[in-house]
Structures are given as structure tokens and as C-alpha cells.
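The values are calculated or read from the model by the stated rules, or taken from the named source; none is laboratory data. Note that this is a predicted model, so its numbers are computed, not measured. We place every Cβ from the backbone using ideal geometry, glycine too, and count neighbours over all the protein chains shown.
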Amino acid sequence: MKKSFFIILIIPLILYLFPGQVAFFAGSAHSDLLISHYPNAEVIRQALSAGQFPLWANNILSGYPFHANPLSGLWYLPGWLALLLPLPWGFNLVMLLHLLWGGMGVFFWLKQEGLKPAAALLAGVMFELLPSTAAHFGAGHVTLIYALAWTPWLLWSEKKWQRTHSWRFWQWPAVMLGAILLADVRWAFYAGVLWAGVLWFDQVRALNLVTGKLPKGVLRAGFWVVFAVQKITGLTIQVLLACGLAAPLLLPLWQYAGLSTRSLMTGNDVLTLSMPPLRLLGGFLPLAGGSAEWVFYGGAVAVSIACLMILSPGLLKRGWFWLALSLLGVVLALGENLPFASSLTGLPVVSWLRVPPRWLMISGLAACATAAWGLDALLEENPQDIFKVWVRPTLGQFTLAVLGLALAGGLMALNGTWDWGLMWGGLGLMAAALLVSLRWGGKIKVKAFTWAVLGVLVIQLGGINLAMLEGRPVDEVLAEGKAVAQAVKTDDLSRVVSLSYAIPQQTAVQAGLQLADGIDPMQMAAYAAYLGQALGTGSEGYSVTLPPFVSGNPETDNAGAAPDAKKLGLLNIVYVTAAFDLPESSGLVLEQVIGNVRIYKNPEARSRAWLTRLDGSIIPAAVQSWAPGRVQLAAEGPGLLTLSEMNYPGWEVSVDGKQGVLERVNDVLMGVNLSEGLHEVRFTFQSPNLAWGWGLWGGSAAILFLWGFRRWKKAKR
């Protein structure tokens, strides 16, 4: 056991650390770690340093409800470990720990399934080294890796409960699903579908043994009905408890989602980045290029075992479910290339998700289970006696290896270039096929076979992953747009907007800039519409970026934009940057050019707060104190005091210590009418849904605790 844990712990440590560097998916210029997760971590770090809990953030989008954003990382406490160390050490370490946690989960889950420890161990190592996971690591999909790591533990907890029928384990699936919801609410749908499918399969298989002994007719039908009601009821209760544990995120998110551009998604948005059919070859050999989302190669061992399983009815009977699930995930990843895809995009929950290739992560986990079932059979003393085959493994594996090498050679011939990745995949198939054939024929001992398979897994998958990832020095990636950021830095209470993403979000948060633009899958619809008009770019439909970059080229996509200086001024935007010239009619004044970035000053920019008197005159209001979600002003009425912050449910205003009436200004801002005289005005943000969320969390936690305590006390008697 100790050796098993040592192996599981040490392997990813070597491959994923990237000391002093940020890992990128090869050929990609961007990483979500830098764009979203690092800035969000800095928001949390700065707020905690000031003794505040960040419900509101002002680093992008002119302010937004930080506590309701599922990518904020605010509610997933294990992710806070990344705050303890500087970039990239913090995130690299925490993602590494999650990979280890996931590998251990696979190990314990498959042992609970009754597989041999060695087979479960090899599957755990395979899970940690899956190229799909490495691709997401390089793409900076931090929260997806967090959530994925909890998925095998969800399956373990359900299996533990079903096998032992000990009520000590009944609540654990709810706890695991709650952790997944807090880590990445999007992945909870995929994990939940997997959980329900595995539970149903296991229970139906077990129940068939019982109902097969019952006479056909009403009795058997009634038995099935009772069974279905019980399982659906139990599953529903656990899902509700999991949602209760994640309620501090889910309730604010529910409100935010309804007001966001996410509600504007069409079927085409849901099917974004659907995997091209030609990428299906990526399940057989590691293909270079394309999107990180399309990587699903499981390795030569997985391919070899799958071939063995298909050619062996005995082994297929054992592991067909996981093989079928792996293939189903690949099919669903095709998205828009499926004839029935458009009908699926309108289904509940599915209509709020994007990127069908996320199903490939389910395929990866299923491939680990498939390989584990095959390896478990091969680890028997006489594997040829365990199950019959249609084609002798030696012939099947030899054919597989030849096909792999031929396909690799053919693809290189078509591309006209040498591809080490393809050859590495072909050579790996030869090694795996040789090992399977030797073990089947009893030519290699169990222990030697186990270590040899481990070696193939580590060398082949490790080589593919290292070739797929490239490290970039942290100083280099944090210096992008730094000169422009320094040039537009004025004070802490003014905003900057870019039509060409001239100041990356990681650079802006380091410089202390507040951006009116931003990249985030959640944006307030009213604000996106207003900024689209103010920038002259439009904002129809859904876009992850604001302003939208239609072709994905920020330097040219909005070249025809005609900004409105006055509308931008209401958002406290002092500077506008672009990689192209803006029309003189915009009212903006070109101040300087840095590289290819033009920096325009906005003469119409207003202060963060101002008073509009009855005669129409504008007077800046004095900001006495400012923090995200808490602003104190002094202004002399009469008139309308406007605060250039996004009007969102949860903002409150008090005038001279008494609650005031919040007014909506220019569709997106907020203000309050003041009577004559000098007034002290406070704007504060306190989400009403958050209180309900904490209440549901406390209730769910109490139910789980009391249930477990009661069962523990009863067991002690």
C-alpha cells in the first residue's frame, strides 16, 4: 500500500511543476490561469489583506458581483492554498495536489469495485497522466482540474455505500458532489450524469440477479417500480444536500445568470469548439495542433486493452460499460457534427453549457476504468483461462501495432513533415501490444508485467504531455502590456478600456488598474449592451469577451468601431486604447503611441461620483473612502448624486445614516436624490441571496453531521 501511494504521489510531481514558469498548451498564446484565475486570486488576496470578504470586484467589467461568479474561486477553500505562494508556484502546486487526490480517488474507487490493487494503481497513474488533463493544465483550466479530481471520489463514495450498506457512508456522495459544485459548477453536470449512470448500471445489474428469480408478470414489474422510485428518491435527496452545501455560490449565481449574457446563448454558442470528425483519430494516436479541448488520447496501454476487450467476449462482459461510456463521450464531443445536436442544445441545463468536448474528460476517466478491468484480468496467474477470445491476442495486438505505425506514417506523409508525437504513439502501441501478448501467453511474470506497464504509461504519456506543454517565464507573461498599463495609470478611481485587449487582465490587476472591458463567461447583459453602444462595437448575442472579438483577432476585429466619448465618460473611463486609429468624431484625443497601441484620453471622463444639480450643472462628489462594494461620499444637494458603479441587486444607499432610495441612472449606474445641504452618503453591496445561501449551507451541513453522528453513536452501542 505504501509503495502504491509513493508511486502515485511522485509521478505527477516531475511532470507538472514547471518551476518558475507558467505552463501553456503548445502553440497557444493565452492561458485561462492568467486571464481569469490569477486576477481573481489577487482580488481575494487584496481583499483579505484589507480585512474584507470580497463580494464585489472592480478589476474588470466596471465592477461585477464577484461572489456570484463561479470562476472567482471565492467559495472553494482548497483553492485558497494558491494564495500562499506567488505565481506560478501557488497554482502549480494546488493543481498538482488535486491531480494526486484524483489519482488516489481512482485507486480507491477501483479497489472498491473489486479490482486488484496493482490494476487500480496503474489506472490511478494513467488518470494523473492523461493527455486530456495535461491539455487542460496547459490551457489554464484550473477549476476544471479541481473538480475533475473529486469525480473518482464521488464514484468511490457511492460504491462504498452500495457495497457496505453502512449508513456511515450514505452522506458522502452529497459531500463529494458539493465539493465539485464549489470547485466548478459546470463540471457538476457531467459528474452528476456519470454518477447517476454508474449508480443505475450497478443497481440494475445487481437487481437482475434478484428479479431473475421472480416469476414474470405483476410481481416483477412492481419490484422494478419500487426499485426505481427508491433510487430516484435517494439520488434526489443527495443532490439537494449537495446543492445545499454549495448554496452560498449557487443562489447568487442563479440570480447573476438570469441577468447575464449567459441567458442570451443560442444553440451555436452551446456547440462552440465542437470536435471535428477527423480528430477522432486522436483516440488512436496523439495528434498535434488544434484546441486543447480536443485532446482525448488515453495512451497506448488504453488502446491495447480496448482492442483486447473488443476481441474477447469474456473480458467484454466485464468491462463493456466503461468501454461504451468512453466511446459515448467521444461521440458527444462531436457536437455540431452530430445530426441530433441542435435538439440537445435546448434541453434544461445543457442550454447553459458550452464546449461539447468537455465530455472527453468523462471518456478519459472511463478509459482508465476500461484499462483497469483489462489489466485486472491480465494480472491473473493464467489469464488465458479467464475468458475466451474470438481472435488470439498475439494476432490482434500485432495487427493493432502495424495499424498504428501505418497510420502514423500515413499522417506524416499527408502533412509532409516528421511528427515525433505520432511516432511516439506508434512505438508505444508496439510496446503495449508486446506486453499484452507476452502476458497472455504466460511469457512474463505478473510483477514484471506490472512494472513494465507502469514504465510504458510513464514514458509514453509523460513524453506526450511534456511535448504538449511549454513553459514560459512568469516575468515574461506578466510583462505583456506593462508599458501601456504604466502609461494609462492615473489614480485608483478611474477606468481604462481597450478595443484590442492591449492590457491583459493579469497585467491590469498587478498595476492596480480598473478595466471597463474584460474576458469572463459571465457578464451583465445590461452593461454589455451599454458598453457595446459606447464603444461602437455592438453587443448582440453572447460573447466571452467584452468587447467581442468576432474572428478571435483583437488587433483587427474592432477596427471599424466609433466610440462615444460622453457615454464612455459616464463609466469613469479616462483612457481608451486600441491597436488601430479611432475616428476624430469619437471626441477622444490621441495622447501617445506605444508599439502599435494608440492611447487616447477621454476629455468627457467624469469622476467616480458626481452631482447633477437641478439646473443641469455637474459637480464632482468627494470620495471619502472607497473599497469594492463600499463607497462613502460627501455631496451638497439638491440634485441627483450618481455613482459610476454597476447597478445590481444587493446595492443599498444611506444618506446621513438613513436608508435612501436607490435610483437607476443611464440603465447601468445608480444614484440617489439629495435634498438641500451637505450630506454623507454611503453605497454598500450586500447580496440578499447570500444570507439564504448560508442558511441552506448550515441546514445541509447540520443534517449530514447529525445523521452521521446518530449512526456513529448507534454503532458504538
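Just one of the numbered conditions (1) under 30 Å from His136 (Cα atoms); (2) surrounded by 17 or more Cβ atoms within 10 Å (Cβ to Cβ) is not true of Phe449; which one?
(1)
Return the residue satisfying two criteria in turn: it lies in segment 465-487 and is in contact with a Ser or Thr (Cβ under 7 Å, 6 or more places away or on another chain) and in a helix (DSSP H, G or I), and of such residues it is surrounded by the most Cβ atoms within 10 Å (Cβ to Cβ).
Val484
Given Thr394, Thr417, Thr450, Thr370, which one is among the polar types (S, T, N, Q) and within 15 Å of Met309 (Cβ to Cβ)?
Of Thr394, Thr417, Thr450, Thr370, the one residue that is among the polar types (S, T, N, Q) and within 15 Å of Met309 (Cβ to Cβ) is Thr370.
Can you name every residue in segment 643-681 that is assigned to a loop (DSSP other than H, G, I, E, B) and of a type in the set (Ser, Thr, Tyr)?
Ser644, Tyr648
So which residues in segment 329-353 are in a helix (DSSP H, G or I) and surrounded by fewer than 19 Cβ atoms within 10 Å (Cβ to Cβ)?
Val331, Glu336, Asn337, Ala341, Ser342, Ser343, Leu344, Val350, Ser351, Trp352, listed by residue number.
Conditions tested, residue by residue: (1) in the same structural domain as Lys317 (by TED's automatic domain parsing); (2) closer than 29 Å to Ala149 by Cβ; (3) touching a residue at least 40 places away in the same chain (Cβ under 8 Å); (4) surrounded by fewer than 24 Cβ atoms within 10 Å (Cβ to Cβ).
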| site | (1), (2), (3), (4) |
| --- | --- |
| Val355 | yes, yes, yes, yes |
| Leu360 | yes, yes, yes, no |
| Ala367 | yes, yes, yes, no |
| Thr370 | yes, yes, yes, no |
| Gly374 | yes, yes, yes, no |
| Gly410 | yes, no, no, yes |
| Gly421 | yes, yes, yes, yes |
| Ile444 | yes, no, no, yes |
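Only one residue in Ser326, Ser291 is crowded, with 24+ Cβ neighbours inside 10 Å and among the hydroxyl-bearing types (Ser, Thr, Tyr), so which one is that?
Residue meeting the stated conditions: Ser326.
What helices (runs of 4 or more DSSP H), lying completely within segment 1-113, carry at least 1 residues that are of a type in the set (Ser, Thr, Tyr) and closer than 27 Å to Ser260 by Cβ?
Because the criterion is at least 1 residues that are of a type in the set (Ser, Thr, Tyr) and closer than 27 Å to Ser260 by Cβ, the helices (runs of 4 or more DSSP H) in segment 1-113 that meet it are 38-49.
Any residue at all in segment 117-137 that's surrounded by fewer than 20 Cβ atoms within 10 Å (Cβ to Cβ), of a type in the set (A, V, I, L, M, F, W, C) and out of contact with any strand residue (DSSP E or B) (no Cβ under 9 Å at 6 or more places or on another chain)?
no
Could you list, ordered by first residue, the pairs with Cβ atoms under 8 Å in which the first is in segment 550-574 and at positive phi and the second is assigned to a loop (DSSP other than H, G, I, E, B) and among the basic types (Lys, Arg), at least 6 apart or interchain?
Sorted first by the residue in segment 550-574, then by its partner, the pairs are Asn572/Arg606; Asn572/Arg608.
Check off (1) part of a loop (DSSP other than H, G, I, E, B); (2) in contact with a Pro (Cβ under 7 Å, 6 or more places away or on another chain) for Asp581 and give me the number that stays unchecked.
Every condition holds for Asp581 apart from (2).
Let me spell it out: the conditions are (1) out of contact with any Pro (no Cβ under 7 Å at 6 or more places or on another chain); (2) outside any loop (DSSP other than H, G, I, E, B), and Val576 meets all of them except one. Which number is the exception?
The failed condition is (1).
Name every residue in segment 271-286 that is touching a helix residue (DSSP H, G or I) at 6+ places or on another chain (Cβ under 6 Å), within 27 Å of Ser342 (Cβ to Cβ) and in a loop (DSSP other than H, G, I, E, B), in order of residue number.
Matches in segment 271-286: Leu271, Leu273, Ser274, Met275.
Give the residues of segment 587-613 that are at positive phi and either surrounded by 15 or more Cβ atoms within 10 Å (Cβ to Cβ) or of a type in the set (Phe, Trp, Tyr) (or both), sorted by residue number.
Of everything in segment 587-613, just one residue is at positive phi and either surrounded by 15 or more Cβ atoms within 10 Å (Cβ to Cβ) or of a type in the set (Phe, Trp, Tyr) (or both), namely Gly587.
Suppose we filter Gly532, Gly455, Gly512, Gly462 for residues that are of a type outside the set (Val, Ile, Thr), surrounded by fewer than 23 Cβ atoms within 10 Å (Cβ to Cβ), within 30 Å of Thr394 (Cβ to Cβ) and free of Cβ contacts under 8 Å to residues at least 60 places away in the same chain; which single one remains? Steps first, answer last, please.
Details: Gly532 fails: within 30 Å of Thr394 (Cβ to Cβ); Gly512 fails: within 30 Å of Thr394 (Cβ to Cβ); Gly462 fails: free of Cβ contacts under 8 Å to residues at least 60 places away in the same chain.
Just one listed residue meets the conditions, Gly455.
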